[in-house]
Amino acid sequence: MDETAKRHCTGEVGGGSGGEKGGGSSYGDFEPSMGRFTDHIIIDVLEKMDLASLCTSACVSPTFNSAVAYHLPFVSSSDLSGFYLDEETLKHVVRRVPGAKSLTIECLRMRNDSSIINILGEHIEDLSLLKCTCLSYDILRALGEWCPNLRSLLIEFAGCDAPELFKRKLAEMLQKVPLLESLSITIRGTSRDVFDVRPLGQFLPPKLDLEDRPFTLSSVGDLTNIGLQALKFCECLIALSIVRSKMNCPASFTRVDNKGMFHVSEGCKRLESVKLGGFAKVTKAGYLSILYSCRNLKKFEVFTSPLLSDSVIDNMTGVARSVVELRLSSCSLLTSEALEHLSSFRKLEVLDTSGCERIGDQAPFYISKVTTLTRLNLAKACITDVGLALLGAGDLPIVQLCIRKCEKVTDKGIKSLFHADRKICKTLSVLDVGYIPKITDAAIFTIATAAKALTDLSLRFCNGVTDAAVQMLMDRPNHNSSQLQMLDICSCQGLSAEAIMLPLHLYAFHRLRWLGIGLTDIVAKRGIFTAICEARPRLVVCSVCCDFGCCDGWQ
C-alpha cells in the first residue's frame with residue numbers, strides 16, 4: 001500500500017499547552033496542588049495505566065512528567081497497536097521501556113527485518129508483530145536467536161510463494177524457543193499451501209494458530225486429512241486454529257473432510273480453544289466429534305462452513321457450561337432456531353453469527369436471555385427493528401455490537417436499542433452500523449447521545465448520513481462523541497466535501513486515532529485532506545476503503 005493512499009504520521013495533538021490555561025498547563029493553582037500527593041500515590045496511579053495513557057499523563061504537569069519518566073523503565077507491557085511508527089521512532093519508544101516483557105508492534109512502516117531485529121532481546125516473552133508488509137520469513141530465525149525466552153508469538157506476514165522457506169525458518173525458530181506456549185501465524189497473499197505441520201510435530205507449542213489468504217487455490221500440496229493426522233500426536237495441544245480465507249470470496253481446504261476432524265478429536269482431547277475456517281467438506285459428524293471429545297472447550301469458532309447446521313449447536317450441551325466464546329460465521333444453513341437453547345451457555349461472553357443470513361428476529365429474543373454477553377456480531381442477519389427492540393429489552397451489558405448489513409434496520413430500531421437508559425448505554429464501546437441504507441442523522445444523534453462509553457463508530461456506506469451528523473460528532477467537546485478514537489465514514493454519499501469544516505477547532509477529533517474517509521468528496525478536495533493531517537499529525541487518515549484501523553488491505 002503506497003504512501004499516497006494513506007497518511008501515517010506521528011506528532012502532537014493540539015490542546016492544553018502553548019500558554020493557554022487548562023488541564024495541561026501549570027498555570028494557577030494546578031501544579032502547586034500536585035504537591036499534596038506523595039510520590040508513592042502518584043506511582044500507584046501510573047502503574048494502572050497503559051503506555052498511551054502514561055504518555056498523555058506526562059503532559060499534565062512537570063510533576064507527572066517526572067513521575068512518568070521514573071516509571072517507564074518498569075513498564076512490563078508495551079502495546080503500540082494503532083500507532084504506525086517508523087523505525088527510528090520505534091527504537092526511541094522501546095528504549096524508554098527497556099523492561100517490557102510484552103510488545104505489540106504495528107509493522108506497516110517497517111521496511112526490512114533489521115527494523116525489528118534492532119529492538120529484540122532476551123527479556124521479551126510475549127511478542128505480537130502486526131501487518132508485516134516488508135518483513136521476510138527470515139525474521140522467524142532471528143526471533144529464535146534473539147528471544148530465547150519467548151512464550152507467545154503472533155505474527156502477520158504479507159506472504160510470498162516460498163512455502164519450503166517458511167517451514168525451514170519456522171523449524172529453526174521452534175528449536176530455539178523451548179518455552180514457547182502460544183504460536184499464531186497469519187500468512188496473506190500466498191498461492192501455495194504452507195500448512196504441512198508433520199515435520200514440526202515435536203516442536204509445536206500447546207497453542208497453534210495458522211491462517212492463510214491465498215491469491216489462487218491449488219489442490220497440489222494442499223492440506224489433507226493426512227496432514228491433520230500429525231496432530232494426533234500433539235496430546236498437549238490446548239488451542240488449535242487453522243483458517244483459510246480469501247478477500248471478498250470463499251476459499252476452502254478442498255482435500256479435508258470429516259476424517260481429518262476425527263484425527264484431531266482423537267489426539268487433541270485437551271483442546272480448550274478450536275478455530276476452524278474454510279473446511280467446506282466437513283459436516284455435522286466432523287464437528288460433533290470434536291465437541292464430544294474436548295470436554296473443556298472454552299472457545300469454539302467455525303468460519304465459512306456451508307455444511308454446518310443447527311443440530312451442531314443443539315448437541316453442544318456437554319460443553320455449554322464452559323464455552324465463553326461461540327463464533328459461527330458465514331454458515332449458510334444456520335437459522336434462528338439454533339440459538340433457542342442459548343441460555344444454557346452460562347458463561348458465554350462472545351457470540352458471532354456474522355454472515356448467517358437465515359438468522360431472523362427470533363434470534364435476538366434468544367440472545368437477550370444470555371445475561372453474561374458482552375460482544376455480539378449479527379452482521380448480515382435478516383433482523384428488523386423488532387429484533388433490535390427484543391435485544392434491547394434484554395438489558396445486556398454489551399461492549400461491542402455489529403449489525404452491519406442488517407438492511408431492514410431503521411432509525412427506529414436504533415432508538416429502541418438504547419431506550420430508557422439501559423445497560424448498553426453505559427457499556428457500549430464499539431458499534432458498527434455500516435451498510436444500512438435506512439440509517440440517517442437521527443440514528444447518529446441517538447447513538448452519540450445515549451452511548452456514553454463509545455470509542456469506535458462505523459458508518460461506512462450509510463448514504464443517509466449527512467454533514468450535520470459529522471459536525472455534531474466534531475463540535476461537542478464535553479459530549480459523549482468526544483471520546484471517539486475511530487470513526488469510519490467511508491463512502492457515505494450524503495457527505496459533501498465540506499463535511500469537515502476548516503479550520504479544525506481545538507477539541508475537534510482531539511481523541512481520534514483513525515478516520516476513514518475513502519470514496520467521499522472529502523478525499524477529492526485535497527486541501528481539506530491535507531489540512532486534517534497537518535492539524536492532527538497523530539491521526540491516521542485513510543483515503544481508501546480499509547476497515548477500522550486498516551486491518552484489511554494492509555498487505
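So how do 514, 146 rank on accessible area, 1.4 Å probe, biggest first, that is with the largest at the start? Write out the running numbers ahead of the final one.
Numbers: 514 5, 146 125 Å².
The residues order as 146, 514, largest area first.
Below 14 angstrom from the Cβ of residue 169, what's the summed charge of the other residues (Lys, Arg +1; Asp, Glu -1)? Walk me through the numbers on the way to the answer.
Details: positive: 141, 167, 168, 176; negative: 113, 138, 145, 164, 172.
Residues close to residue 169 contribute a combined charge of -1.
Between residue 47 and residue 426, how high is the FRET efficiency from 1/(1 + (r/R0)^6) when r is the Cβ-Cβ distance and R₀ = 45 Å? Nearest 0.05. Write down the numbers at each step before the final one.
Numbers: r = 26 Å, r/R0 = 0.58.
So the FRET efficiency works out to roughly 0.95.
With every protein chain in place, what's the accessible area of residue 287 (1.4 Å probe, Å², nearest 10)?
Spelled out: residue 287, probe radius 1.4 Å, area about 0 Å².
Does the range 265-344 come out rounded, prolate or oblate, given a ≥ b ≥ c as the square roots of the eigenvalues of its C-alpha gyration tensor, rounded meaning a/c under 1.5 and, failing that, prolate meaning a/b above b/c? Can you show the working numbers first?
Values: a/c = 1.66, a/b = 1.13, b/c = 1.48.
Taking the square roots of the gyration eigenvalues as a ≥ b ≥ c, the range 265-344 is oblate.
Let me check I've understood the local charge: for residue 337, count other residues with C-beta under 14 angstrom from its C-beta, Lys and Arg +1, Asp and Glu -1. What total comes out? Before the final figure, lay out the partial values.
Working: positive: 358; negative: 310, 314, 340, 361.
Taking every Cβ under 14 Å from that of residue 337, the sum is -3.
Quote to one decimal, in nm, the extra length available between residue 235 and residue 117 on full extension: 0.36 nm per residue of separation minus the C-alpha distance between them.
On the way: separation 118, 0.36 × 118 = 42.48 nm, distance 3.35 nm.
Additional length available on full extension: 39.1 nm.
So for 61, 322, what's the accessible-area order with a 1.4 Å probe, most first? Could the numbers behind the result be given before it?
Details: 61 10, 322 30 Å².
Largest accessible area first, the residues go 322, 61.
Can you compute the FRET efficiency between residue 505 and residue 545 using 1/(1 + (r/R0)^6), with r the Cβ-Cβ distance and R0 = 30 Å? Round to the nearest 0.05. Write down the numbers at each step before the final one.
Working: r = 28 Å, r/R0 = 0.94.
For residue 505 and residue 545, the calculated efficiency is 0.60.
Taking all protein chains together and a probe of 1.4 Å, list 332, 78 from the most accessible to the least accessible.
On the way: 332 65, 78 0 Å².
Final ranking, largest accessible area leading: 332, 78.
Report the net charge of residues surrounding residue 107, where surrounding means a beta-carbon distance below 12 angstrom and charges are Lys +1, Arg +1, Asp -1, Glu -1.
Values: positive: 109, 111, 131; negative: 86, 87, 106, 113, 156.
Once all neighbours under 12 Å are counted, the net charge is -2.
Taking a quarter of the surface of the convex hull around the Cα atoms of the range 324-454, what do you get in nm²? If you can, show how the numbers build up before the last one.
On the way: hull surface 26.2 nm².
Computing the convex hull of the Cα atoms and averaging its projections yields 6.6 nm².
Can you give the Rg to Rh ratio of the range 54-188, both from alpha-carbon atoms, with Rh computed by the Kirkwood formula? Walk me through the numbers before you get to the answer.
Details: Rg = 15.8 Å, Rh = 15.6 Å.
Here the Rg-to-Rh quotient is 1.02.
Run the reach check for residue 412 against lysines, Cα to Cα strictly under 29 Å, same-chain hits fewer than 8 apart removed. What comes back?
Here the lysines satisfying the reach criterion relative to residue 412 are 369, 380, 423, 426, 438, 452.
Distance between Cα centroids, the range 78-122 to the range 337-397: provide it in whole Å.
The two parts, judged by their Cα centres, are 40 Å apart.
Probe of 1.4 angstrom, ligands and nucleic acids ignored: what's the accessible area per residue over the range 54-188, in square angstrom?
Numbers: 5460 Å² over 135 residues.
Using a 1.4 Å probe on heavy atoms only, each residue of the range 54-188 averages 40 Å².
Which FRET efficiency value, to the nearest 0.05, do you get for residue 296 and residue 341 by plugging their Cβ-Cβ distance into 1/(1 + (r/R0)^6) with R0 = 22 Å? Working shown, then result.
On the way: r = 20 Å, r/R0 = 0.93.
Rounded to the nearest 0.05, the efficiency is 0.60.
Where the accessible area of the range 324-454 is counted over protein heavy atoms with a 1.4 Å probe, how much of it, in %, is carbon and sulfur? Show your work: numbers first, answer last.
Numbers: 2680 of 5100 Å².
With neighbouring chains kept in place, the figure for the range 324-454 is 53 percent.
In the full protein assembly as shown, how much of residue 295 is accessible to a 1.4 Å probe, in Å² to the nearest 10?
120
The values are calculated or read from the model by the stated rules, or taken from the named source; none is laboratory data. These figures come from a predicted structure and were not determined experimentally. Quick reminder, even Gly has a Cβ in these numbers, built from the backbone with ideal geometry, and neighbours come from all protein chains shown. Just the protein is used for accessible areas: all its heavy atoms, side chains included, with ligands, DNA and RNA removed. Shrake-Rupley method; radii C 1.70, N 1.55, O 1.52, S 1.80 Å.
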